[in-house]
Amino acid sequence: MTSTTTDRQTNGSHREGAPTIDLDRVVVRFAGDSGDGMQLTGTRFTTVSALFGNDTATLPDFPAEIRAPAGTLAGVSAFQVQISDHDILTPGDAPNVLVAMNPAALKANIGTVARGGIVIVNNDAFDDRALEKAGYGSNPLLDGTLDGFRVYEVPMSSLTMEVCREAGVKPRDAERSKNFFALGLVSWLYSRPTESTIEWIAKRFADKPQVLDANTRAFRAGFHFGETAELFESNYQVHPATALPGTYTDVTGNTALSWGLIAAARQARLGLFLGSYPITPASDILHELSKHKNFGVRTFQAEDEIAGIGAALGAAFGGALGVTTTSGPGVDLKSETIGLAINLELPLVVVDIQRGGPSTGLPTKTEQSDLLHAMYGRHGEAPLPIVAPSTPSQCFEMAIEAARLALKYRTPVILLSDGYLANGSEPWRLPTLAELPDIHVEFATEANHSDPDGSSSFWPYQRDPVTLARPWALPGTPGLEHRIGGLEKADGTGNVSYDPVNHEKMVRIRASKIAGIAHDIPPVEVDDEHPGGSELLLVGWGSTYGAIAAGVRRVRKRGIHVAHAHLTHLNPFPANLGEVLASYRAVLVPEANTGQLVRLLRAEYLVEARSLTKIQGVPFHASEIEEAILDALGVTPQPGMELQSPVEEAS
Amino acid sequence: MTDTIVPQTTRKDWTSDQEVRWCPGCGDYSILAAVQMLLPELGVRRESTVFVSGIGCAARFPYYMNTYGMHSIHGRAPAIATGLAVSRPDLDVWVVSGDGDALSIGGNHLIHALRRNVNLTILLFNNQIYGLTKGQYSPTSEQGKVTKSTPFGSLETPFNPVSLALGAEATFVARTHDMDRKHMMETFRRAHFHRGAALVEIYQNCNVFNDGAFEAITGKDARAEKLIPLVDGEPIRFGAEGEHGVMLDADGRLRLVEVSDVGVESLLVHDEAREDPGLAFQLSRLARGPFEPTPIGVFRAVERPEYGDAMTAQMARAEEAKGVGDLGALLRSGGTWTVEA
Ligand code: SF4
């Protein structure tokens, strides 16, 4: 293993002569056909590692096509996970181990593997046809392509079929279990406990006894193969990470977000209404929430994106926590209704799981390119709050925050997650329910305005003097009948008004209401070990958090002082942001777009912020951030000071 | 929301303080009057009544009602009203729309609201023209219609809203017109009491951009000969003396006949509760446009589970099966591990 170190030999071994070597971390990448079950395999390996106590970070990477032609590069599906004995921030730049189920999977992924890394191939799949489909002119297992890697050829298909035949499983069906053989083998290689996986298989395939049997046999066979075949000279272990005391679970961003919405409704004491239309990679939120009707959750799969948000807004008018979830082109379609919600001043949470664009773009790849759309993608003067989680587990917290702002200020709020956060997972220290914020709001129940004749009436646009929020009066409340709509309203009464001066006033009030939120959100925190002494401030938002923080750690290992601020609130910005930016000589803004936050920062604060961008549908690598920092500071790495520092992420 | 007796109201109670701004002589006035006169008779509460509209002349309707209301965006009223109606089954939700709003930009939402059978009373003001944008042809304008945007005549085949709704298997479909308040009130009443989606097409005169579009059938002198009243359980007949009728031919086609020729027993007996919408659809196709004898009244009224009720029942079943949602347990549902202090 090149880039993972502290190779302490231990006494523990599974096999005589095969020692177990301790590693502080390892990056494993499972790759196969879309139909090979690589996502399931990777997820299970992650879960078992998380349960074992490692820190984990994952990067699922799959094609947009459900089943692209088998054996082709387009059909390759991969799952990368980093497991570690210490706190890590990213799924790792370069895998130490690649499991390739066929030639296409090898070809598509070998370029990412660390030099000297382990490559485990299912050599059963390397026949002439498969090689040709993958575009190999000659067999890479024979022609020297893999020189410099430690290649293990394991006939996974035939070994799986062999053990399944004994159980009477048809060869065709048996072959499908080969991903469990791979899981077993990698489980042995990294000394993962087996019982929990066997139990999990039993539960997951309980209704398909034959598949259950085949998968269990394949898993055990893979594990035993590692143990007994004298192929591997050693195996490894990654000890549990030290973490804050508490109860942990492994969670993906979309699951955390769904649970956050349920929690928000609970904390607001409102029913949750989700209006949504299926779209990658947001659909999992619709799926997850649909399961939890016993939480008072109404899920509505609408006829289109517009109806999804429309129904959510209608439900909000009726007093529900209205939510819509979408991605990519779906965001465009919701723009008009978001504008209406801004004008109606009703609470609404709009969740955008960003993906590569424009148009259909890259449905399964991550990008941060909707920030300016969230800011400005509506006609007229239509500001709204924008929040963005930084990690998968933070999606929970930010869902509650989005709901809090929406309910308190009666405004639509856009939550910007992305494909990487949505599908990536990490261990999450569970909050206790008592820790969750109370976001309860009061509905209007009585008249709020005295008329000159001494009677009283209800003015739907009579605002709270502090928040500038208007009262939320629900249909069903006697005496507060009122009409709202998309036409401009007279200040106070809410009646239709074409008065020019009133219009300017209303535009400014709506803007002030949103701007005022700056004082109701936490100030941005700066991670700076040498306040006053750091030469550069990195400012990020959203899913770049892990890569930026890891890059910063690497640079600090070189004795260079840099600071990192990560924004969770993009509109308004935290009240102290201007001050923070002004206190650094240089500012660097890494983003997975062409430089959207940097434009906002420059425009808002007149700072000379530099931009670092990557628009490849994949997250930044820590090494890229490191390089950019060094470059920004004019530091040339000295010989022996190569960028791939061996202890890159140890904190 | 309370179960005390609903207070007696009059038309005035249902009228908001906003000045009505339709063109003088517009058919919308009589529809508004019919609704405001009907509501006191329905035993409903102002606070539990909501009017949701999209964009267009008709869409100003909610502003004139002293109830809850939302003037939303073009075409989207059925979607917005769906969210409101399913999450608040206690409310009486009305949608007011026009032919451009409901059938052009919002056609998708309309058919899906009907298909799902959401508890909405949808009033579709059909004037066969775009009024608010000053006179372009609409999806119900007749082929050849000369308007500002079709100076050489429209090339398009118009929608028949009743046929469309029946095609979407709407559970309640009716037609009425702005010249007959009594008929409107009766039709709206039926629509209101229907649990599920009820669509009422209202032939409405736009006296500014499409004056007299329905005159040939709704004019006082024309009605007897040109309107075919549908009465449940009765033979379908019309004419001053009921001398004309509708017969189902042996070849399965509907035909206009003289009662004296065929005998009243040969006439088609209207059955609005017929499960198969086929016959109702055929009735909707009797006239090629509002110049031939045209059926009015309730084409179809069948029972089917209402969408919001079904959703609520599903939630109740989930709660029965799994118990009231426990957030703490949910957060732990993916398996946990503990790090000791
Ligand atoms: S334009 Fe036509 S439909 Fe609109 S208000 Fe005037 S008369 Fe009525």
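Any read-out appearing in this document is the output of simple, stated calculations on the displayed coordinates, not a laboratory observation. Since the model is a prediction, treat every value here as computed from it, not as a measurement. Please note: Cβ atoms are built from the backbone with ideal geometry, for glycine as well, and neighbour counts cover all protein chains shown.
Some values worked out for this structure:
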read-out	value
Residue order, fewest to most beta carbons within 10 Å, for B:M37, B:M311	B:M37, B:M311
Dipole in debye (nearest 20) - the range A:526-632, about Cα centre, beta carbon charges: Lys, Arg +1; Asp, Glu -1	160
R0 of 30 Å, Cβ-Cβ distance B:F291-A:Y498: FRET efficiency to nearest 0.05	0.15
Stretchable slack from A:R172 to A:K291, in nm (0.36 nm times residue separation minus alpha-carbon distance)	39.5 nm
Distance between the range A:263-314 and the range A:242-261 - C-alpha centres, whole angstrom	20
222 nm mean residue ellipticity, helices alone, for chain A (DSSP H n ≥ 4; -39,500 (n - 2.57); rounded to 500)	-10500 deg cm²/dmol
Span from the the range B:45-95 Cα centroid across to the the range B:162-204 one, whole angstrom	17
Helix axis angle, A:38-52 relative to chain A longest principal axis, alpha carbon, degrees	90
Shielding by other protein chains, B:321-333, mean Cβ within 10 Å	5
Tensor-based shape of the range A:3-238 (alpha-carbon gyration tensor, a/c under 1.5 rounded, otherwise prolate or oblate)	rounded
Cross-link partners of A:K513 among aspartates and glutamates (Cα-Cα below 16 Å; sequence separation of 8 or more within a chain)	A:E345, A:E381, A:D464, A:D491, A:E504
Tilt relative to chain B, helix B:28-38 - C-alpha long axis, 0 to 90 degrees, to 10	60
Calculated on alpha-carbon atoms, Rg and Dmax of the range A:497-538 in Å	19.2, 56
Cα-centred dipole magnitude for the range A:3-238, charges only on beta-carbon of K, R (+1) and D, E (-1), debye, nearest 20	520
Directionally averaged shadow of the range A:257-435, computed from the convex hull of its alpha-carbon atoms, nm²	9.2
Ranked list, fewest to most other Cβ atoms within 10 Å of each Cβ, for A:K614, A:K208	A:K208, A:K614
Relative packing of peptides A:369-378, B:63-72 - highest average C-beta neighbours within 10 Å first	B:63-72, A:369-378
Kirkwood-type radius of the protein assembly as shown, with distances r between different C-alpha atoms, in Å	31.7
Gaussian network model of chain B, Cα within-10 Å springs - most flexible of B:E319, B:E275, B:E156	B:E319
Fewest-first sequence of A:E132, B:E142, B:E306 by Cβ atoms within 10 Å of each Cβ	A:E132, B:E142, B:E306
Degrees between helix B:77-87 axis and first principal axis of chain B (Cα, 0 to 90, nearest 10)	40
Shielding of B:311-319 by partner chains, average beta-carbon count, 10 Å	4
All lysines inside 25 Å of B:K148 as judged from Cα atoms, apart from same-chain residues fewer than 8 positions distant	B:K134
Cα centroid of the range B:237-299 to Cα centroid of the range A:321-386, whole Å	51
Tensor-based shape of the range A:332-431 (alpha-carbon gyration tensor, a/c under 1.5 rounded, otherwise prolate or oblate)	oblate
Computed [θ] at 222 nm, deg cm²/dmol, chain B (DSSP H ≥ 4; -39,500 (n - 2.57); rounded to nearest 500)	-7500 deg cm²/dmol
The range B:53-138 shape via C-alpha gyration tensor axes, a/c threshold 1.5	oblate
Peptide B:107-119, shielding by other chains (average Cβ, 10 Å cutoff)	2
Length gained when the stretch A:A243-A:R204 is fully extended (0.36 nm per residue, less Cα-Cα span)	11.1 nm
Listed residue (A:G559, A:T445, A:A490) projecting farthest to the positive dipole end of the protein assembly as shown, Cβ model	A:A490
Above-threshold pairs, the threshold being 24 Å between Cα atoms, out of A:K107/A:K178; A:K293/A:K365; A:K203/A:K291; A:K208/A:K291; B:K145/B:K226	A:K293/A:K365
